[in-house]
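The values are calculated or read from the model by the stated rules, or taken from the named source; none is laboratory data. What you see is a predicted model; the values in this text were computed from it and never measured. Virtual Cβ from ideal backbone geometry, glycine too; neighbours counted across all protein chains shown. Surface accessibility is based on the protein's heavy atoms, side chains included, excluding ligands, DNA and RNA. Shrake-Rupley method; radii C 1.70, N 1.55, O 1.52, S 1.80 Å.
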Amino acid sequence: MATNASTPRGRPQYYPHHIPDPSYVRILDTTLRDGEQSPGATMTSQEKLRIARQLAHLGVDVIQPGFPSASDDDFLAVKMIAQEVGNTAAHDGHIPVIAGFCRCVREDIAVAWEAVKDAKRPRLCTSIATSSIHMEHKLRKTKNEVIQIARDMVAFARSLGCNDIQFGAEDATRSEREFLYEILGVVIEAGATTVNIADTVGILMPFELRKLITDIKANTPGIRNVIVSTHCHNDLGLATANTIEGARAGARQLEVTINGIGERAGNASLEEVVMALACKGDHALNGLYTRINTRRILETSKMVEEYSGMHLQPHKALVGVNAFVHASGIHQDGMLKHKGTYQILSPEDIGHKITTEIGIVLGKLSGRQALRKRLEELGYELKEKEVDSLFLPFKAMAEKKKVVTDIDLKALVSYKVFNAEPIWKLGDLQVTCGTLLGLSTTTIKLVNIDGTTHVACSIGTGAVDSTYKAINIIVKEPIKVLEYSLSSVTEGIGISATAHVVICRENNHTSTYAFARDVAYPTFSGTGAEMDVVVASVEAYLVAVNKLLRCKESVMHS
């Protein structure tokens, strides 16, 4: 296949301001910061810690785990990640940089430093807008004032003892060039070791981004003494292309997210950028390379998908369920003769575990080993207790169906494995609905984490509406449903269903596409998979409600 055939090169020694090998490209992953800003993608501190561990296994150079000043839960998550992941060496000795995000505000910088300082390689990523539209309408500052703030805040970060400082020019791609050169030169002189060029609104064409990086490297005082970084958004679907062009022009740190999640249309996708470099680095990109362990991409993608609730489109490049599926007869004929006819890389390159054995059909007589093997083939690396937690729900589903499919298994893993211990869980449910009475009636029993049971009844315009209203009576929270979807995941009469819901506290947002993110109560998503569509809807709702309550709990305790 088309991945680089050369012997993998080692990871260069880490210096904040310099990369000894000019062909090496650092990967900064901001899934846990920018990625989490997607509506419904809020994650708990424990979920963030698990993803950070996975990112370290993946070989990410820099992990940006959050915005410590945003909330106490964010601070806790970043601090936990800095203390554990930021001090744990991989088998090759690699320890990722842990980078706390902060505005050019003294209090933000101090809090971020407190969160990351225990890491072996702590970094502060401070940012301020540099475009005219942002300075005039958002900051309400003059150019000179913005330059002074940037200089003072980078100097303040240095004074705290941090020697790895990234300065981000927000909306750099819409900034006046001469002003951009000036402010970057000022922060470099003040002590910045990386300068990040953000295409915040995803407006540039690839050739424009390449020229911008080229011009910055040619006109900015001191630029040869720092790392140039790019941060590209996907509003026009060009984030990956722009990121690659930035690297071609000399950017040696690329900011990405798993699955491309992020604000609005998302960010440059880690898997796309990394595999583009892996496939074309030697042949078309002057030898550019990373040290990402590409065979862990799929499992990382799945973890982020489940924890964030941001489900992938089937045709998502590399990690979508259709990425390596060939349906056309002509394509299938070519694949049978030679895989290279229609496939530029092997599924195994990103972590698919392909078996040449006759496929195992899972049913009610299947045991734990058969279940474990199929889960491994699907890309899940689960612990013994996690497989055990799946086994009984798997057997229950198998009792009701002749065959449990791969999609059934993925739905079970999503709900049963990737959700924390619930505050509320379903006890019993009775729903009466139909056309005769016009309204649906629900009686529901929920079990609290303390073991107590609570019962409520409600009516609604449908089975799901009445059930959600009954749950709200018990949990005593003003909850608004922003999104609800229900899909059949298997064919025929033996149907099982997956429900997906996004919620927020009432009056928090007026729509799913929120322009302002509430710090204490953002949006929360949940997924449920059951044979009964109403039960699946309840399970999804409870997952989201439990996330909301956990967030509220952490805020109240702070």
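Annotation for Asn225 and Arg368: the two label points, set 7 Å from Cα along the Cα-Cβ direction, are 6.1 nm apart. The slack between Lys445 and Ala284, meaning 0.36 nm per residue of separation minus the straight C-alpha distance, is 51.8 nm.
Under 5 Å from the amide H of Asn293 lie the amide H atoms of Gly59, each residue being 5 or more positions distant or on a separate chain, with H modelled from the backbone and absent for Pro and chain starts. Listed values for the stretch 151-165 are Karplus-derived 3J(HN,Hα) couplings in whole Hz (6.51 cos²θ - 1.76 cosθ + 1.60, θ = phi - 60°), namely 4, 5, 6, 5, 4, 5, 4, 5, 5, 6, x, 8, 10, 10, 10, and x replaces Gly and Pro. Solvent exposure of Phe207, expressed as accessible area, is near 150 Å², computed with a probe of 1.4 Å over the protein chains only. Taking 7 Å steps out from each Cα toward its Cβ at Glu189 and Ala456 produces label points 6.2 nm apart.
Think of the stretch 214-276 as a dipole: +1 on every Lys or Arg Cβ, -1 on every Asp or Glu Cβ, centred on the Cα centre; then among Asn267, Pro221, Ala249, Pro221 lies furthest on the positive end. Pairwise Cα separations in the chain fall into 10 Å bins from 0 onward with the following percentages, short to long: 3, 17, 27, 25, 17, 9, 3, 0.
Rounded to the nearest 10 degrees, the inclination of helix 239-249 to the longest alpha-carbon principal axis of the chain is 20 degrees.
Cα centroid separation, the stretch 185-259 to the stretch 77-120: 23 Å. Calculated accessible area for the chain comes out at 44 Å² per residue, all protein chains present (probe 1.4 Å; ligands, DNA, RNA ignored). In whole angstrom, the stretch 170-291 maps to an equivalent ellipsoid with semi-axes of 23, 17, 12, each derived as √(5λ) from the alpha carbon gyration tensor and ordered largest first. About its Cα centre, how strong a charge dipole does the chain have in debye, to the nearest 20, once Lys and Arg get +1 and Asp and Glu get -1 at the Cβ? It comes to approximately 620 debye. Think of the stretch 1-83 as having a plus end and a minus end, set by charges on the Cβ of Lys, Arg, Asp and Glu; of His17, Ala70, Gln37, His17 sits farthest toward the positive end of this dipole.
Taking a point 7 Å from the Cα of Asp21 along the Cα-to-Cβ direction, the residues of the stretch 237-262 with backbone N closer than 18 Å to it are 247-248, 250-254. In this simple spin-label approximation, Glu384 and Val201 carry label points 7 Å from Cα along the Cα→Cβ vector, and these lie 5.7 nm apart. Under conditions of 20 °C and 1.002 mPa s, the stretch 1-144 yields 130 µm² s⁻¹ as its translational diffusion coefficient, taking Rh as the Kirkwood radius over Cα pairs in the Stokes-Einstein equation. Take the alpha carbon gyration tensor of the stretch 219-283, find the square roots of its eigenvalues, order them as a ≥ b ≥ c, and report rounded if a/c is under 1.5; if not, report prolate when a/b exceeds b/c, else oblate. Taking the square roots of the gyration eigenvalues as a ≥ b ≥ c, the stretch 219-283 is oblate.
Estimated purely from DSSP H runs of n ≥ 4, each contributing -39500 (n - 2.57), the mean residue ellipticity at 222 nm for the chain is -12000 deg cm²/dmol once divided by its residues. Once the trypsin sites (Lys or Arg not before Pro) in DSSP loops with at most 12 neighbouring Cβ atoms within 10 Å are cut out of the chain, the longest remaining piece is 141-382. Taking a ≥ b ≥ c as the square roots of the eigenvalues of the Cα gyration tensor, the stretch 229-355 is classed as oblate, since a/c reaches at least 1.5 and a/b does not exceed b/c.
The radius of gyration of the Cα set in the stretch 69-178, together with its Dmax, comes out at 15.5, 50 angstrom. Between Ile330 and Ser159, the C-beta separation translates, for a Förster distance of 60 Å, into a calculated FRET efficiency of about 0.35.
This model, with +1 at the C-beta of Lys and Arg and -1 at the C-beta of Asp and Glu, gives the stretch 228-359 a dipole about its Cα centre of some 260 debye.
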